[in-house]
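K.L.:
Just passing along the structure, written as structure tokens.
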Amino acid sequence: MSLLKTNVITSVKYLRSFSVLCRKSNQDHHLKKCPILFNTQRWLFWERHRKGGYDTTIKTSNWEHLKNGLVELKHELKLFAKELKELYDMDPLLIARPGEIDLLWCFNSPTVLEKFVTTCDSDHGEGYSSCNLEMSPAGRALFHGYLDTRVPKDGRIKKAGYCAMRSKMQRKSFKRASTFDWHLYNTLVLKVRGDGRAYLLNISTEGYYDITWNDIYHYILYTRGGPYWQVAKIPFSKFVLGSKGRLQDKQTRMRFDKVTHFGISCGDKIVGKFNLEIEYVGLEFDPTHDEEFAYEMYKTDKYIVAV
Amino acid sequence: MLTNNNSNKMFFLFILFFSTLISISSNSWFGCWIGLEINLLSFIPLISNSKNLLSVETSLKYFLTQSLASINFLFMILIKFSLLKNFNMNNIISIMMNSSLLMKMGSAPFHFWFPNIVEGLSWMNNFMLMTWQKISPMILLSYYFNKNFLIFMIIMNLIIGSLGGLNQTSLRKLLAFSSINNLGWMIFSIMISENLWLFYFLIYSMMIFMMISLFFLMNMYFMNQLFINNMNFFIKLNLLINFLSLGGLPPFMGFMPKWIIINFLLINKFYFLTFIFMMTSLIIIYYYIRIIYSSFMFNYFKMKWVNLLMKNNMSLINLSSFISISSMILSTFIFM
């Protein structure tokens, strides 16, 4: 078996990623040399890491941490003052008028792109796709790249080929984690110009406990290719619950009050380039839409658990 | 609970009521703790509803906080038995015991779980949490309280209950902060007399019941629903009366217990405390009036296909408005 040269990662972690019951094979030397991910298997009792074992921390020295912190301090103090002023005003948004779209992100300047992070399978040596989020010639955000379903030949993974962009975690002042509050709305509105491929919209509602850390609500957005923009209004009742990519048997409605991330991903198993131009992502309250959840749960026999 | 049986609910409700009785009528602190534990045990099945991820999270949070408070309580009881040989009311062990009971009730400064959990429960469960679950900790509090500590806690309750509700858009959280504020009043009434506490508690429960039943019938959980729904005038009037009654404005029912407490406060020369009671009540009433004013004045849209037909249930609303307005006057006839 030929060894594959993957990305250079400074720390190499040793791990048996096969079953405990297997005998020790003589392919150990091969596994030890390959820079392997930390802990990406499915744990029985609890999720140890919020990010599923992918080590994404950037290692900096303490001195650099201090310097970065001092630079950020002024900005954080301003944010804190703004929050105090909001508390003092005591004027929260009470109602979302129907027909009005409240924009979350309007991609008309490069600064908005910094609120998103792009990931693809080649980041951790799990594939060969590439993706990028930048401004298009038309002045809007362009999420583009090349999707490749080739699997790296070192036996770690079975399937490959995904690219995703996701919003960064909402932060209050002093880097405190915060969430979106979408209880006033019931529809997601996107103005996109796609290339005919199907993209997946992901709304992540990490709750308080580790069971729900990987809960993502998905919706497949079919785009029309072509030069015309398309406005997609998707009610929240149509989103489907999945965890770590697997659709759950027991489906429940999305919770609106503590939404953590919003993302778009491309993983439709078609090898080739993809381009998705986005003008805005917004929310709307549609009073005519009174469906609570689009997917029915049927009464199952008693031997089917967890449903 | 896989099914939503009424028989299941009846069973757990029965144990819930029984546990409070165990707790308050036991002649040993250990019996009190047992009652609190059974209370927790029987309340959890009532609130855990596995159809919804939010309610699962909520019931787990409730379990964790309450069991922590119970552990604390038990430990302090045991320390008291083994170390202290006197029956002094004002010492550090009583502070710890009071703290654990205050945490059970959701009183400041242990209140952080309360709005969070109230946000995840349905209206009927909220009613149980805000009224019945407070009985046994409060009566246990009355058995062994530390006066100075409790007065400090009362002040914190009042301030946090009034200031916390100012920036809320969710009706449940609003009622949670109002409940925290009313806890301040109730704890002070415990220090005056148990009879007065019972009176305050009954009237508070009645007011909360009227509010919650209104919100439950109209299925309203957030403030935007107050403006969107095409409520007829009498429902809005009922909302006005009940909110003002909860805030303690005369001539509504809610003013009566607060009046008696202020009477006691002034007779015993607690002037600073009276000042705080008054000011925080004002802040709460300010917020209620803001909501009612919006719901009366703003007429965002009258949609023809959302017609809130309350013709069958108007009797309950009319009755509750009547009680709120006239109970002050009618109560004078009782003592004639």
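Coordinate-derived values only; no laboratory data. These numbers come from a predicted model, not from an experiment. Glycine also receives a Cβ, built like all others from the backbone with ideal geometry; neighbour counts cover every protein chain displayed.
K.L.:
Give the calculated FRET efficiency between A:D301 and A:K250 to the nearest 0.05, with a Förster radius of 25 Å applied to their Cβ-Cβ distance. Before the final figure, lay out the partial values.
P.N.:
Numbers: r = 15 Å, r/R0 = 0.58.
Computed FRET efficiency for A:D301 and A:K250 comes out at 0.95.
K.L.:
Calculate the FRET efficiency for B:N195 and B:S50 from the Cβ-Cβ distance with a Förster distance of 30 Å, rounded to the nearest 0.05.
P.N.:
Values: r = 43 Å, r/R0 = 1.42.
Here the calculated transfer efficiency is 0.10.
K.L.:
Once you've got the Cα coordinates, tell me which of A:K51/B:K9; B:K9/B:K147; A:K244/A:K273 are over 29 Å apart.
P.N.:
On the way: A:K51/B:K9 40 Å; B:K9/B:K147 39 Å; A:K244/A:K273 25 Å.
Over 29 Å Cα-Cα: A:K51/B:K9; B:K9/B:K147.
K.L.:
Show that you can apply the helix-only estimate: for chain A, add -39,500 (n - 2.57) for every DSSP H stretch of four or more residues, divide by all residues, and state [θ] at 222 nm to the nearest 500. Write down the numbers at each step before the final one.
P.N.:
Numbers: 3 runs with 38 residues, N = 307.
Calculated mean residue ellipticity at 222 nm is -4000 deg cm²/dmol.
K.L.:
Take the alpha-carbon centre of segment B:123-149, take the same for segment A:268-295, and report the distance between them in whole Å.
P.N.:
If we compute the Cα centre of each part, the gap is 47 Å.
K.L.:
Using a cut-off of 10 Å between beta-carbons, work out the net charge of the residues near B:S170 (Lys and Arg +1, Asp and Glu -1, B:S170 not included). Don't skip to the answer; put the middle values down first.
P.N.:
Values: positive: B:R172, B:K173; negative: A:D181, A:D257, B:E119.
Computed value for this residue: -1.
K.L.:
Can I ask one more? Give, as a single signed number, the net charge of other residues whose beta carbon lies under 10 Å from the beta carbon of B:S70, with Lys and Arg counted +1 and Asp and Glu -1. Write out the running numbers ahead of the final one.
P.N.:
Details: positive: B:K104; negative: B:E37.
Result for the neighbourhood of B:S70: 0.
K.L.:
If you build the Cα gyration tensor of the protein assembly as shown and take the root of 5 times each eigenvalue, what three semi-axes come out, in whole angstrom, biggest first?
P.N.:
Working: eigenvalues 519, 204, 118 Å².
Working from the Cα gyration tensor, I get semi-axes of 51, 32, 24 Å.
K.L.:
Over 19 Å between Cα atoms: which of A:K115/A:K238; A:K258/B:K173; B:K134/B:K269; A:K85/A:K172 fall into that group?
P.N.:
Working: A:K115/A:K238 26 Å; A:K258/B:K173 15 Å; B:K134/B:K269 28 Å; A:K85/A:K172 14 Å.
Violating the 19 Å limit, Cα to Cα: A:K115/A:K238; B:K134/B:K269.
K.L.:
List every residue whose amide H lies under 5 Å from the amide H of A:L104, counting only residues 5 or more places away in sequence or on a different chain, with H placed 1.01 Å from N in the peptide plane.
P.N.:
Under 5 Å from the amide H of A:L104: A:V281, A:G282, A:L283.
K.L.:
Summing Lys, Arg as +1 and Asp, Glu as -1, what charge do residues with Cβ under 14 Å from the Cβ of A:A198 carry, A:A198 excluded?
P.N.:
Numbers: positive: A:R197, A:R224, A:K269; negative: A:D195, A:D268.
Once all neighbours under 14 Å are counted, the net charge is +1.
K.L.:
With a Förster radius of 51 Å, plug the Cβ-Cβ distance of A:A232 and B:S67 into 1/(1 + (r/R0)^6) and report the FRET value to the nearest 0.05. Walk me through the numbers before you get to the answer.
P.N.:
Numbers: r = 46 Å, r/R0 = 0.91.
Result of the calculation: an efficiency of 0.65.
K.L.:
How big is the Cα convex hull of chain A in projection, averaged over all directions, in nm²?
P.N.:
Working: hull surface 84.6 nm².
Computed as one quarter of the Cα hull surface, the answer is 21.1 nm².
K.L.:
Ok, one more. Kindly express, to the nearest 10 degrees and within the range 0 to 90, the angle between helix A:62-89's C-alpha long axis and the longest C-alpha principal axis of chain A.
P.N.:
For A:62-89 against chain A, the angle is about 30 degrees.
K.L.:
GNM, chain A, Cα, under 10 Å: largest mean-square fluctuation among A:Y209, A:Y295, A:Y217?
P.N.:
Result: A:Y209 has the largest fluctuation of those listed.
K.L.:
Here's something else I'd like to know. Just grab the label-to-label distance for A:L103 and A:T179, each label 7 Å out from Cα along the Cβ direction, in nm (one decimal).
P.N.:
In this crude label model, A:L103 to A:T179 measures out at 2.7 nm.
K.L.:
Place a +1 charge on the Cβ of each Lys and Arg in segment A:193-307 and a -1 charge on the Cβ of each Asp and Glu, then give the dipole magnitude about the Cα centre in debye, rounded to the nearest 20.
P.N.:
On the way: 15 positive and 16 negative charges, 84 e Å.
The calculated dipole for segment A:193-307 is roughly 400 debye.
K.L.:
Using a simple spin-label model with points 7 Å from Cα along the Cα→Cβ vector, what separation in nm is obtained for A:R150 and B:F234?
P.N.:
Using points 7 Å along Cα→Cβ, the separation is 7.6 nm.
K.L.:
Taking 2.2 N^0.38 Å as the expected size of a compact globular protein, what ratio does the Cα radius of gyration of segment B:95-335 give against it, to two decimals? Intermediate values should be presented prior to the final figure.
P.N.:
Working: Rg = 17.9 Å, N = 241, 2.2 N^0.38 = 17.7 Å.
My calculation over the Cα atoms of segment B:95-335 gives 1.01.
K.L.:
What is the ratio of the Cα radius of gyration of segment A:148-258 to 2.2 N^0.38 Å, with N the residue count, to two decimals? Display every interim value, and only then the final one.
P.N.:
Values: Rg = 16.5 Å, N = 111, 2.2 N^0.38 = 13.2 Å.
For segment A:148-258, the normalised Cα radius of gyration is 1.25.
K.L.:
Per DSSP helix of 4 or more residues, -39500 (n - 2.57); summed, then divided by the residues of chain B. What does that give at 222 nm, rounded to the nearest 500?
P.N.:
Values: 15 runs with 254 residues, N = 336.
Calculated at 222 nm, the ellipticity per residue is -25500 deg cm²/dmol.
K.L.:
So, one more: Which aspartates and glutamates does A:K302 reach when only Cα atoms under 15 Å apart count, and residues fewer than 8 places away in its own chain are ignored?
P.N.:
A:D249
K.L.:
Given Cβ point charges of +1 (Lys, Arg) and -1 (Asp, Glu) and nothing else, what value in debye, to the nearest 20, does the dipole of segment B:95-335 about its Cα centre take?
P.N.:
Value, rounded to 20: 340 debye.
K.L.:
What is the dipole size for chain A, taken about its Cα centre, with +1 at each Lys and Arg Cβ and -1 at each Asp and Glu Cβ, in debye to the nearest 20? It would help to have the intermediate numbers written out before the result.
P.N.:
Numbers: 47 positive and 36 negative charges, 319 e Å.
In total the dipole reaches around 1540 debye.
K.L.:
Now for a separate question. Give me the distance in nm between label points sitting 7 Å out from Cα along the Cα-to-Cβ direction at A:T56 and B:R290, one decimal.
P.N.:
3.8
K.L.:
Which residue fluctuates most in the GNM of chain A (Cα springs below 10 Å): A:H49, A:H75, A:H65?
P.N.:
A:H65
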